[in-house]
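Structure first, commentary second.
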Amino acid sequence: MKKQILSLIILAFAVYSYAQNAPNTEKYRPQIHFTPKSGWMNDPNGMVFVNGEYHLCYQYYPDKTVWGPMHWGHAVSKDLIHWEHLPIALYPDTLGYIFSGSAVVDKNNTTGFGKDGKAPLVAIYTYHNMNGERAGRNDFQYQAIAYSNDNGRTWEKYAGNPVLKNPGQRDFRDPKVFWHEPTKSWVMALATYDCVTIFSSPDLKNWTKQSEFGREVGKHGANWECPDLFSLKVKGTDKVKWVMTVSINPGAPFGGSATQYFIGDFDGKVFHNEYASKEARWVDYGKDNYAGVTWSNVPKADGRRLFIGWMSNWQYADRVPTTTWRSATTLPRELTLIPDVKGAKLISFPAKEVESLRNGLSELKPFTLNGVKDISNSGSLAKSPIEVALTFAVDAKSGKVFGLKLSNDLLEEINIGYDKIKKQLFVDRRKSGVTNFASEFPEITYVPCELENGKIELHLWVDETSVELFGQHGKAVMTNIFFPTKPYNKLTIFSEEGNVYVKECKVWKLKSIY
């Protein structure tokens, strides 16, 4: 009997172990993007690099695949690609749900939370008190902190919470905190309805309001959310500028959710925007990149500003046709400032670590195309995940529209290309498959894009249910999700109303991260 019980225990353990480590093969499960094992996910939170690990927390409701009482889910990675799920970092309590926020390494132990000479990790987050909201109060959101002395494996909430009380502002959330060395203080960028309010603190516990930014610039008409504030050197120059990113919903270029940015200077108290204009400048023109923020504490020797976003849109996030889980993150991206006519432009491109997923290259010699060319290689190159690099040489005689199409036998398709007349890159998912769960879903998105040296360069990553397009090496970016009834099995290049010269065509098969 004891042997039988032992055998059953061993078998149960083996089944559990397999379930924890088996490839995620459910329909629509991304193979190169982070997803929760189950339940609902939205905004990335608490992103910090420490002791060789990238920490990624996220808005999480483990019990259902729709939004609910928010927790902080938690995962870590050594390479930004392969993620280990950890126990939930922060649970809701009597003070409220755990809304978005950030995390820092308190190197100088300003909080006094550190032990044995080691710097603590400190999470800064918003409490959302549902009872206060239901009662019609305006002060139901306030800021709190928690700390960890075991590399983020367990967290202790500060007994003195909240550390920043609400002055009566209905929307008062999403703190992004960093250490500002010139003023020797912590700085918090906080979303406060239609602007960002800057606070400072010596110890992460006591906060002083310094300034407000944004009421007269950028896109308005809805709440500002998930701000970030950081400095970057303008590529090829000695200039250092500060970048403010802030998400808005609704108000995106194509409806729903998106993230805008501003460029200027920051003195530790006030952010000075360079462009006194209502014009919005967008991090991503697609429908599905929202609430993105950057990692803190990335080593100076690395020098990158690394970003990740929530790959969905509040117009339909709770209705997409997945089953055990909902939502994924974008690929991790490096943000860069480059010179442009307005002084500087923020561009993005997948982090170099993504190249480690390449698992075989198919490359075509340059050719002239008029019509359609199938490059599927009997379907093998159409099977996601794939990475595609295309360069088109364009002149006055070139076709009006050209690009790449993914399709299946059910005539479902997604088209990615360039409109020479309109000078726009586009992603057309109107016939991409299952689209009837939301009227706002079947859409064509586009982004302005100029020729460079007579060329258009498209670089894209295609997963089970998403395409991330980077035109002209990240100057024109779109992220869009899709849900084909059957997987796409055909990959074609097309040119309409004339020839186009395909100067480069590379397709990489990509390994699953599972």
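Worth a mention:
- Residue in the range 155-174 that is within 25 Å of the chain's Cα centre (by Cα) and of a type in the set (Ser, Thr, Tyr) present: no
- On the stretch given as the range 271-291, residues that are assigned to a strand (DSSP E or B) and of a type outside the set (S, T, N, Q) total 6.
- Selected residue [small (Gly, Ala, Ser), over 25 Å from Glu53 (Cβ atoms) and assigned to a loop (DSSP other than H, G, I, E, B)] from Gly236, Gly132: Gly236
- The range 210-224: number of residues that are more than 17 Å from His272 (Cβ to Cβ) and basic (Lys, Arg): 1
- Candidates Ala159, Ala135 - the one that is within 24 Å of Cys57 (Cβ to Cβ) and either out of contact with any Gly (no Cβ under 9 Å at 6 or more places or on another chain) or of a type outside the set (A, V, I, L, M) (or both): Ala159
- Looking across the range 378-433 at every residue that is hydrophobic (A, V, I, L, M, F, W, C), modelled with pLDDT of 95 or more and exposed (fewer than 15 other Cβ atoms within 10 Å of the Cβ), the one that is farthest from His473 (Cα to Cα) is identified as Leu410.
- Of all residues in the range 485-497, those satisfying the criterion of being surrounded by fewer than 23 Cβ atoms within 10 Å (Cβ to Cβ) and either modelled with pLDDT of 95 or more or more than 25 Å from Gly399 (Cα to Cα) (or both) are Thr485, Lys486, Pro487, Asn489, Lys490, Thr492, Phe494, Glu496.
- Of all residues in the range 292-339, those being assigned to a loop (DSSP other than H, G, I, E, B), touching a residue at least 12 places away in the same chain (Cβ under 8 Å) and of a type in the set (Gly, Ala, Ser) number 4.
- The number of residues in the range 215-235 that are modelled with pLDDT under 95 and within 14 Å of Val283 (Cβ to Cβ) comes to 2.
- Scanning the range 340-377 for residues that are of a type in the set (A, V, I, L, M), over 26 Å from Lys475 (Cα atoms) and in a strand (DSSP E or B) yields a count of 1.
- In this entry, Glu440 passes the filter for residues that are over 30 Å from Leu337 (Cβ atoms) and either among the aliphatic types (A, V, I, L, M) or not assigned by TED's automatic domain parsing to the domain that holds Thr35 (or both).
- Any hit, the range 60-67, residues being under 23 Å from Ala317 (Cα atoms) and assigned to a strand (DSSP E or B): yes
- Matching strands (runs of 3 or more DSSP E) fully within the range 408-490 where at least 2 residues are among the hydroxyl-bearing types (Ser, Thr, Tyr): 444-448
Rundown of residues vs (1) surrounded by 14 or more Cβ atoms within 10 Å (Cβ to Cβ); (2) assigned to a strand (DSSP E or B); (3) not assigned by TED's automatic domain parsing to the domain that holds His71, yes/no style:
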| site | (1), (2), (3) |
| --- | --- |
| Asp150 | no, no, no |
| Asn161 | yes, no, no |
| Asn166 | yes, no, no |
| Asp171 | yes, no, no |
| Val187 | yes, yes, no |
| Ser200 | yes, yes, no |
| Asp203 | yes, no, no |
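- Out of Ala75, Ala89, one residue alone is crowded, with 23+ Cβ neighbours inside 10 Å and either at pLDDT below 95 or of a type in the set (A, V, I, L, M, F, W, C) (or both). It is Ala89.
- Hey, Gly433 out of contact with any strand residue (DSSP E or B) (no Cβ under 7 Å at 6 or more places or on another chain) and without any contact (Cβ under 8 Å) to a residue 60 or more places away in the chain or not: yes
- Boolean, Thr25 is assigned to a loop (DSSP other than H, G, I, E, B) and at pLDDT below 95: yes
- Considered as a group, the residues in the range 306-328 that are surrounded by 24 or more Cβ atoms within 10 Å (Cβ to Cβ) and of a type in the set (Ser, Thr, Tyr) include one that is nearest to Lys64 (Cα to Cα), and that residue is Ser327.
The values are calculated or read from the model by the stated rules, or taken from the named source; none is laboratory data. Values in this document were obtained by computation on a predicted structure and should not be read as measured data. In this analysis, Cβ positions are derived from the backbone assuming ideal geometry, glycine residues included, and neighbour counts consider all displayed protein chains.
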